[in-house]
Amino acid sequence: MGNHLVLILKLIIMVTIVDFKVRMNSDGDPFNVLIVQGGIELVKSKETGLFYATAKQASIPSTFDDKTCQSLIGQELDGSVQKVECEPYEFTNEQSGEVMELSHRWVFVKESEAVSEVVKTRLFEEEPELV
């Protein structure tokens, strides 16, 4: 028999750091979160039946200062933004002012982790302290 060449291609899914925001931890101390965004998705509108382009976003708590966060914008990370079910909560759309009740969150999932591992550890962690 002849030699067989097996070629394994690994598809690497990436997110891009697109922004950062300042949040407050449970003690009222500020910390920065990195805003990551997945790739473009085409979604069909339930109202019009037409497609529109969108991208899912999630935040990752960090210990970085503003200057470092700003310098990271544009960098890519291995992973994806995935939908995770959670306890219902109220969400206010910043653009329209509409208040909605949601029962899911969008979380960053590192390429090598399963969503269930992320949910168990991240949603119940305390926010990081600034160093």
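Taking only pairs six or more apart or across chains, which ones have beta-carbon atoms under 7 Å, a first residue in segment 71-93 that is more than 18 Å from Gly39 (Cα to Cα), and a second residue that is surrounded by fewer than 13 Cβ atoms within 10 Å (Cβ to Cβ) and among the hydroxyl-bearing types (Ser, Thr, Tyr)?
Close Cβ pairs satisfying both conditions: Glu85/Ser103; Cys86/Ser103; Pro88/Ser103.
Hey, among the residues in segment 58-76 that are of a type in the set (A, V, I, L, M, F, W, C), outside any helix (DSSP H, G or I) and more than 11 Å from the chain's Cα centre (by Cα), which one's surrounded by the fewest Cβ atoms within 10 Å (Cβ to Cβ)? I'd like the intermediate steps shown before the answer.
Restricting attention to segment 58-76, the residues satisfying the condition of being of a type in the set (A, V, I, L, M, F, W, C) are 58, 60, 64, 69, 72-73.
In the following step, the residues that additionally are outside any helix (DSSP H, G or I) were identified as 58, 60, 64, 73.
Subsequent filtering for residues that are more than 11 Å from the chain's Cα centre (by Cα) retains 64, 73.
Details: Phe64: 19, Ile73: 13.
The qualifying residue surrounded by the fewest Cβ atoms within 10 Å (Cβ to Cβ) is Ile73.
Please go through segment 26-57 and pick out each residue that is farther than 22 Å from Val84 by Cα, in contact (Cβ under 8 Å) with a residue 24 or more places away in the chain and assigned to a loop (DSSP other than H, G, I, E, B).
Ser26, Asp29
Rule-based calculations on the coordinates, nothing more; no lab input. Bear in mind the structure is a predicted one, so any value in this text is a computation, not a measurement. So basically every Cβ, Gly included, is an ideal-geometry build from the backbone, and we count neighbours across all protein chains shown.
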